Amino acid sequence: MSEVKLAAETRTEFGKGAARRIRRDSKVPGVLYGHGSDPLHLTLPGHELLLALRTPNVLISLDIDGKANELAIPKSVQRDPIKGFLEHVDLLLVKRGEKVNVEVPIQTEGELAPGGNLLEHVLNALPVEAEATHIPEAVTVSVEGLESGASVLAKDVKLPSGVTLAVEEDAVVLQVLSAQAEEPTEEAAEGGEAAEA
């Protein structure tokens, strides 16, 4: 797991105007909270934060005002819906060795059985509990040779050492569907005609 160092400044101005001024300076307003401490309002470097957030569940080492060093993981990221720039970020304070609940992206490898089958991701990310400093970037699931009707359950996913499931073991993660479209039954077709009449 990668750890990214960012310089952060505490902020004392709040509201839309202050947030706009921060963003105009290519920075991002954020809040650091957790461990029962008061929320700490921060200003973070925009470009460096954007690069850091490309890694899911990235561990961020914050140098706050050149005095305090804190570890955090992103909890909530707000982006502009049109332009995509960062508007605000919520960071969760973590300690080395502490366990946290996060969602880890699911990657697949291998080919499905021949016959036009489709792979459905029931879960795009797997909820797990892991040490804050050892969160896996992703989990890989083999779908080699799976046929229509097959499912991969959470308990079937091989997790790295020290990582445990934070979801029911029987939760469906992936399933294989048949690609053939079903013909409508006669009753359904008659029902459609009756509704039009």
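The values are calculated or read from the model by the stated rules, or taken from the named source; none is laboratory data. All values reported here derive from a predicted model rather than from experimental measurement. Cβ coordinates were reconstructed from backbone atoms using ideal geometry, including for glycine residues, and neighbour counts include every protein chain displayed. Each accessible area value is taken on the protein alone, full model and side chains, heavy atoms only, with ligands, DNA and RNA left out. Shrake-Rupley method; radii C 1.70, N 1.55, O 1.52, S 1.80 Å.
Below are the figures for this structure:
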{"quantity": "Qualifying residue in region 9-19 (condition: part of a strand (DSSP E or B) and either out of contact with any Cys (no Cβ under 9 Å at 6 or more places or on another chain) or of a type in the set (Lys, Arg) (or both))", "calculated": "yes"}
{"quantity": "Some residue of region 114-127 being touching a Gly at 6+ places or on another chain (Cβ under 7 Å) and either assigned to a strand (DSSP E or B) or open to solvent by 40 Å² or more (accessible area, probe 1.4 Å) (or both)", "calculated": "no"}
{"quantity": "Among the residues listed as Glu70, Glu137, Glu131, Glu87, the single one being of a type in the set (Asp, Glu), closer than 30 Å to Leu177 by Cβ and either buried (at least 18 other Cβ atoms within 10 Å of the Cβ) or out of contact with any Phe, Trp or Tyr (no Cβ under 9 Å at 6 or more places or on another chain) (or both)", "calculated": "Glu137"}
{"quantity": "Residue, farthest from Glu137 (Cα to Cα), within region 64-98, restricted to residues that are assigned to a loop (DSSP other than H, G, I, E, B) and among the hydrophobic types (A, V, I, L, M, F, W, C)", "calculated": "Ile82"}
{"quantity": "Number of positions in region 145-168 that are more than 20 Å from the chain's Cα centre (by Cα), loosely packed, with under 15 Cβ neighbours inside 10 Å and assigned to a loop (DSSP other than H, G, I, E, B)", "calculated": "4"}
{"quantity": "Residues satisfying the stated conditions in region 44-57, i.e. surrounded by 20 or more Cβ atoms within 10 Å (Cβ to Cβ) and outside any loop (DSSP other than H, G, I, E, B)", "calculated": "Leu44, Leu49, Ala52"}
{"quantity": "Of all residues making up region 103-113, the number that are surrounded by fewer than 15 Cβ atoms within 10 Å (Cβ to Cβ) and either in contact with a Lys or Arg (Cβ under 8 Å, 6 or more places away or on another chain) or not in a strand (DSSP E or B) (or both)", "calculated": "3"}
{"quantity": "Hits in region 1-18 (condition: open to solvent by 80 Å² or more (accessible area, probe 1.4 Å), of a type in the set (Lys, Arg) and modelled with pLDDT of 75 or more)", "calculated": "Lys5"}
{"quantity": "Enumeration of residues in region 59-90 that are over 21 Å from Arg21 (Cα atoms), touching a residue at least 12 places away in the same chain (Cβ under 8 Å) and among the hydrophobic types (A, V, I, L, M, F, W, C)", "calculated": "Leu59, Ile60, Leu62, Leu71, Ala72, Ile73"}
{"quantity": "Yes/no for Lys95 being more than 30 Å from Glu144 (Cβ to Cβ), surrounded by fewer than 19 Cβ atoms within 10 Å (Cβ to Cβ) and touching a His at 6+ places or on another chain (Cβ under 8 Å)", "calculated": "yes"}
{"quantity": "Residues that are of a type in the set (Gly, Ala, Ser) and closer than 22 Å to Ile135 by Cβ, drawn from region 55-113", "calculated": "Ser61, Ala72, Ser76, Gly97"}
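Each row is one residue, and each column tells you yes or no for (1) under 30 Å from Leu53 (Cα atoms); (2) at pLDDT 85 or above.
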| site | (1), (2) |
| --- | --- |
| Gly115 | no, no |
| Asn124 | yes, yes |
| His134 | yes, no |
| Thr140 | yes, yes |
| Gly149 | no, yes |
| Ala166 | yes, yes |
| Glu169 | yes, yes |
| Val173 | yes, yes |
| Gly192 | no, no |
